Every structure is written in structure tokens, then in C-alpha cells.
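Note sheet for the following structure.
None of the figures in this text is laboratory data; all of them are computed from the coordinates on show. These numbers come from a predicted model, not from an experiment. All Cβ positions, glycine included, derive from the backbone under ideal geometry; neighbour counts span all protein chains shown.
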Amino acid sequence: MVTHDIEEAVRLGDRIAVYGQGRIEQFDTPGAVLGTPATPYVAEFAGADRGLKQLSVTAIEPDDLEQPPLARVDEPATAAGARLRGQGARWTVVLDEAGELHGGRAWTSWRSRAAARSASSRTG
């Protein structure tokens, strides 16, 4: 199926191919395309609200709703990722400085940001 609507692709596909600039930019699961865009083109195509869209394809268990894994917006990604990995979390609720809901993130997003920061600190 071919569509130009990322929301339709996320709802209907188990794999999404994002074609742009004359080539396939990324071929992956909806969660991976939304959480870890392979290129700036994919990130722009998925939209600024891709973190919220990713939550729609992230499995949440009933136990997760009773005590959701929490992270804070000002918490370093590497620290949050290590803590969440230790808890076995696949996603997290993100709170702002006042303890109010800021959004949510799937674990792949934390992992990719931490890896990107680590790589840039080694090369920079």
C-alpha cells in the first residue's frame, strides 16, 4: 500500500518505508520510524509530534498504568535510560520541572538519543 499520510501508515502498517530524495530513507516498524528517525527527512516527514504518535504504537501493560515509569524533562538521557532499562521499562511518562505531564517516550527514543550524544562526545 502507498500513502502520503504518516498517521495512516502508522495505523495500518507493521513496516513503513519512507521514500524521499530519490531513495528509501528508512524501512522499519512504525515505532522505530517515529522514535528513531534515520534521517532529518524522516524526522520532518513524521512530524514534530512524532513522540505522541509513537505512544499509539507502544504496548502498555495493565501493571504499567498502576505505577508508570517516570522520567523528568531535565533528567540526562543517559541516566534516565540506565534507570529505565534497570526497571525493564519499554516507555516512560515524562514530567516537567513542576511535576506536570510533559509527554511520553518509548525506550527506543531514549536509547537513540543517548547513543547519539555518546557518539558526538567521542568525535567532538
| remark: Once Lys and Arg are counted +1 and Asp and Glu -1 for all other residues with Cβ under 9 Å from that of Val73, the total becomes -3
| Could you work out Rg/(2.2 N^0.38 Å) for segment 6-52, with Rg from alpha carbons only? | 1.00
| Nearest 20 debye, what's the magnitude of the dipole of segment 6-52 about its Cα centre given +1 on Lys and Arg Cβ and -1 on Asp and Glu Cβ? | 100 debye
| Amide H neighbours of Arg72 under 5 Å, counting only residues 5+ apart in sequence or on other chains, H built in-plane at 1.01 Å? | Leu95
